[in-house]
1. Could you check segment 264-318 for strands (runs of 3 or more DSSP E) lying wholly inside it with 2 or more residues that are in contact with a helix residue (DSSP H, G or I) (Cβ under 7 Å, 6 or more places away or on another chain), crowded, with 23+ Cβ neighbours inside 10 Å and at pLDDT 95 or above?
2. Part of a strand (DSSP E or B) and within 37 Å of the chain's Cα centre (by Cα): does that describe residue 91?
3. Residue 113 passes all but one of (1) more than 25 Å from the chain's Cα centre (by Cα); (2) exposed (fewer than 12 other Cβ atoms within 10 Å of the Cβ); (3) more than 21 Å from residue 246 (Cα to Cα); which number fails?
4. Among the residues of segment 195-222, count how many are of a type in the set (Val, Ile, Thr) and part of a loop (DSSP other than H, G, I, E, B).
5. Here is a list: 157, 187. Which entry is assigned to a helix (DSSP H, G or I), farther than 30 Å from residue 403 by Cβ and open to solvent by less than 50 Å² (accessible area, probe 1.4 Å)?
6. Which condition does residue 358 not pass, out of (1) part of a helix (DSSP H, G or I); (2) surrounded by 19 or more Cβ atoms within 10 Å (Cβ to Cβ); (3) of a type outside the set (S, T, N, Q), if it passes all the others?
7. Looking at this structure, is residue 382 within 28 Å of the chain's Cα centre (by Cα), in contact (Cβ under 8 Å) with a residue 40 or more places away in the chain and in a helix (DSSP H, G or I)?
8. Report every pair of residues separated by at least 6 positions or lying on different chains whose Cβ atoms are under 9 Å apart, first residue within segment 387-405 and open to solvent by 70 Å² or more (accessible area, probe 1.4 Å), second assigned to a helix (DSSP H, G or I).
Amino acid sequence: MSNKLTERKKDYSKWYNELVVQADLAENSAVRGCMVIKPYGYAIWEKMQAQLDKRFKETGHQNAYFPLFVPKSLFEAEEKNAEGFAKECAVVTHYRLKTDPNDKAKLVVDPEAKLEEELVVRPTSEAIIWNTYKGWVQSYRDLPILINQWANVVRWEMRTRLFLRTTEFLWQEGHTAHATRQEALIEAEKMNDVYAEFAEEFMAIPVVKGLKSESERFAGAEETYCIEALMQDGKALQAGTSHFLGQNFAKAFDVKYASKEGRLEHVWATSWGVSTRLMGALIMTHSDDKGLVLPPKLAPNQVVIVPIYKGEEQLKEISKKANELASELREAGISVKFDDRDTHKPGWKFAQYELQGVPLRIAIGPKDLEKGTVELARRDTLTKEFVNQTDVVEKVKGLMVEIQSILFQKALDFRSEHTTKVDSFEEFKKVLKTKGGFILAHWDGTAETETKIKEFTKATIRCIPLDAEKEEGICMFSGRPSSQRVLFAKAY
């Protein structure tokens, strides 16, 4: 079985890296900064995809696909967007290789195959999509356009960490066009609500919905909505963003429509996305020193059945009952794996499924057949109990709901315990050093103050909470007036 994980309290970063690899979620690839998502990790991502995709379609969106490459002239059309991503872009300059004349076993770039215009490997798709929308929009009858794309993107990174920050990652990006400012604003906030509902209902992660400060907004956006989650090490993680783009991209690509009154007007835009970074959030919110802890709604296998036997005859008898239970559970909508491999002992299997975060484990041995029971072990509490075989289905169905709820409540309690109000910069620094977590403090609204706080503490404004009450106060750093508290934290 895999090596024992480093304890979180000793080295949280090392614990995370070991867990991702040992739980068979992902590994580093031959391409520096890029990862291989292994089948077990991808199965979790597929469950996330399925639920999000369902919600996108329920809100009227359709899936499409746009090119991986963006001509540089299109990419630089919206200046703020181009400037914001310029340092992260991978660029294609040639379209062919040839044999090295000095070494026939090697290849070199063919200098005769230089592209007339460089192609940017998409770090985000606004440019290529809005250039396309120009041909799709003529009249108010063509609006709204509600498109989502499941894709990969490339943002060149110097320091990478599996799932959290890699040069290439998977995501979805929604891009919508609207006739009015108000419609676009409603769309941007609605999709942020979709992300929040998914995070809390399926990932069992409580999130704070808010607006980004101007300096933290998406490049080219007028407003950025976000959901912020708190990890077990007291750092924040941005779990999703939704951007109100105003008319910036419509003007950059001259996307206009004829209104009902016959006037030509620029459309209004949004974009929104979540990525495989959600995998990192899932791991760091719930897991422990023994491995992954998965909420049942996203677990590839909600239940695993392990036979305990000696000899083929016992295995045959146990397998019959195990397969019956598995069928009954599947009929009840529970995903089940019956692990009858004879290459590993039960103890090894128990350790593996504990490491991989399977919510429930059922063990069946010869004595269980005699008594009509099974042993049921929970991953979240690490407790065991014996259950009558006739009661297994109802018991498991109830536990699926209970475990999902308990994981959310545990994370919510942690966030509550690690959310602190402060009124002075000295108190702010003390909390950051000794406790961490979210800090609610007054801010004067200036980029200058925000920058200085970040320089002194490495903490950033995670968001201006949407549900925060207006509260007159004094900025903890500058002493100038403030109308409400904002959420600070150190972050991934």
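The values are calculated or read from the model by the stated rules, or taken from the named source; none is laboratory data. In this text, all values refer to a predicted model and were calculated from it rather than measured experimentally. Every residue, glycine among them, receives a Cβ derived from its backbone with ideal geometry; neighbour counts consider all protein chains shown. Ligands, DNA and RNA are stripped out before the accessible areas are found, and what is left, the full protein with its side chains, is counted by its heavy atoms. Shrake-Rupley method; radii C 1.70, N 1.55, O 1.52, S 1.80 Å.
1. 268-275, 303-307
2. In short, yes.
3. (2)
4. Total meeting the criteria: 2.
5. Result: 187 is the single residue among 157, 187 that is assigned to a helix (DSSP H, G or I), farther than 30 Å from residue 403 by Cβ and open to solvent by less than 50 Å² (accessible area, probe 1.4 Å).
6. (1)
7. No.
8. Between residues of segment 387-405 that are open to solvent by 70 Å² or more (accessible area, probe 1.4 Å) and residues that are assigned to a helix (DSSP H, G or I), the close pairs are 388/371; 388/395; 397/329; 401/296.
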